[in-house]
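S.K.: Dumping the structure here so I can ask a few things about it.
Throughout, read-outs are computed from the coordinates displayed, never taken from laboratory work. Here the structure is a predicted model, which is why all the values come from computation and not from measurement. When we count neighbours, we look across all protein chains shown, and the Cβ atoms used for this are built from the backbone with ideal geometry, even at glycine.
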Amino acid sequence: MAIYHLSMQIISRSKGQSAIAAAAYRSGEKLHDERTDEQKFYARNVQPETMILTPTNAPEWMKDRNRLWNEVEKVEKRKDSQLARELNIALPIELNRDQQKELIQSFAQHEFVQKGMVADIAIHRDDANNPHAHIMLTMRNVDQNGFGKKNRDWNADFANAKESNRGYVKNSEGCLSIREQWANYANKALEKAQSNERITHLSHENRGLEVLPTIHLGHVAHDMEKKGKQSQRGQVNRERQEYNQVVIDLQTYRRQKEAHLQKMKEKEKQFSFSTEVEKTQIQKAASLLNQQVVSLDDIYKRHGELRKMSDRHDPIERHFHVQQQQFLNVSNSYDHVKALEHDIKQNEEKVDELKGSLNPF
């Protein structure tokens, strides 16, 4: 499942940080800090995939990681100097390695490098389920001679990005939202890869979700959890996951309850007749069907059953009807014969009377 994570920070001497040390840790390379004359190296099990993107007017040496960040350290004189900006971005696991690389390159090139920043990118894949990229960004304008003045437009909104959810770069239309832009870039890449997954920069609260979001572990907590040790951040996530399960169960109950109420409303609609006569008739139909609740569908179904029964009895009824008609025909014949016999007898009696009157002897 594609997840959204984009965190931001400023690497600063006031926090005891070093641009050389930060670049060495993220890139997995050995870098020499000329300011302190120290070698910076952090061994990694999986070597990061790295690249440096520079503006078109930048000198070629800025693509050398060691020289790039040593020049940054040299140009920053103050003990509380801000040395670099950094983004930590989760890459969608639905994309393959080449697609992930293309996505982060495109995002950094269009949103930062084209604005004049140098972007030092390191993709970490120590955990197959948590591929992510670090982008270190320079803070000064560059030209063919190197670094110039700091561009305050780049970091004014970066410093309060967590509170305002806004980005670093200003244009004539106002501040760009880097968090939103990343979601747009990632979703386009997912769509291109024919994945149905999508991410959003919006918080759970803004999206109207009741569940709580889990927090980003970070490499220290992640390593502890991987070794079976419980971290404070891991415990927060476990508690939130337990809470979210209760919320999900409650949401399931709500859906079931709503479905039941909807079903009851549909049942009530079946009794919403306009006259008392119709109510009485439907109640009679219910008693005939031996049901407490009856619908028109039930009536039509029963009507169909009765018609089928009628169709089955029709041949028998027709047979009995023919037999009855035959009996009636025979009966009428007997009656007709009797009537004829009666007429013959009467005629015979009249003939006998006539014979007596004509023959005196």
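S.K.: Quote the FRET efficiency, to the nearest 0.05, computed for residue 61 versus residue 238 with a Förster distance R0 of 56 Å and r equal to the Cβ-Cβ distance.
M.R.: Calculated value: 0.70.
S.K.: Within the stretch 100-137, name every residue whose backbone N is under 20 Å away from a label modeled 7 Å from Cα of residue 34 along the Cβ vector.
M.R.: 118-120, 137
S.K.: Would you tally the net charge around residue 141, using a Cβ to Cβ cut-off of less than 11 Å, leaving residue 141 out, and scoring K and R as +1, D and E as -1?
M.R.: So the surrounding residues net to +3.
S.K.: If you don't mind, there's one more thing I want to ask. According to a simple spin-label model (label point 7 Å from Cα along Cα-to-Cβ), what is the distance in nm between residue 340 and residue 78?
M.R.: Output for this residue pair reads 14.0 nm.
S.K.: Take the alpha-carbon centre of the stretch 117-154, take the same for the stretch 1-44, and report the distance between them in whole Å.
M.R.: Centre-to-centre (Cα) distance: 11 Å.
S.K.: Could you state the principal axis extents of the C-alpha atoms in the stretch 6-202, from the largest down, to the nearest angstrom?
M.R.: 50, 44, 31
S.K.: Provide the net charge surrounding residue 93, with neighbours chosen by a C-beta distance below 13 Å and charges set as Lys +1, Arg +1, Asp -1, Glu -1.
M.R.: -1
S.K.: Output ³J(HN,Hα) for the stretch 99-104: one whole-Hz value per residue in order, computed from phi by the Karplus curve 6.51 cos²θ - 1.76 cosθ + 1.60 with θ = phi - 60°, and x for Gly and Pro.
M.R.: Per-residue couplings from phi come out as 5, 5, 5, 4, 4, 5 Hz.
S.K.: Once you place label points 7 Å from the Cα toward the Cβ at residue 126 and residue 194, how far apart are they in nm?
M.R.: Spacing of the two 7 Å Cα→Cβ label points: 3.6 nm.
S.K.: Using Cβ contacts closer than 10 Å as the measure, can you line up 147, 41 from fewest to most? Intermediate values should be presented prior to the final figure.
M.R.: Values: 147 20, 41 14.
Ascending number of Cβ neighbours within 10 Å: 41, 147.
S.K.: Now for a different question. Please turn the phi angles of the stretch 132-140 into ³J(HN,Hα) values with the Karplus equation 6.51 cos²θ - 1.76 cosθ + 1.60 (θ = phi - 60°), one per residue in order, whole Hz, x for glycine and proline.
M.R.: Residue by residue, the stretch 132-140 yields 8, 10, 9, 10, 9, 10, 6, 10, 10 Hz.
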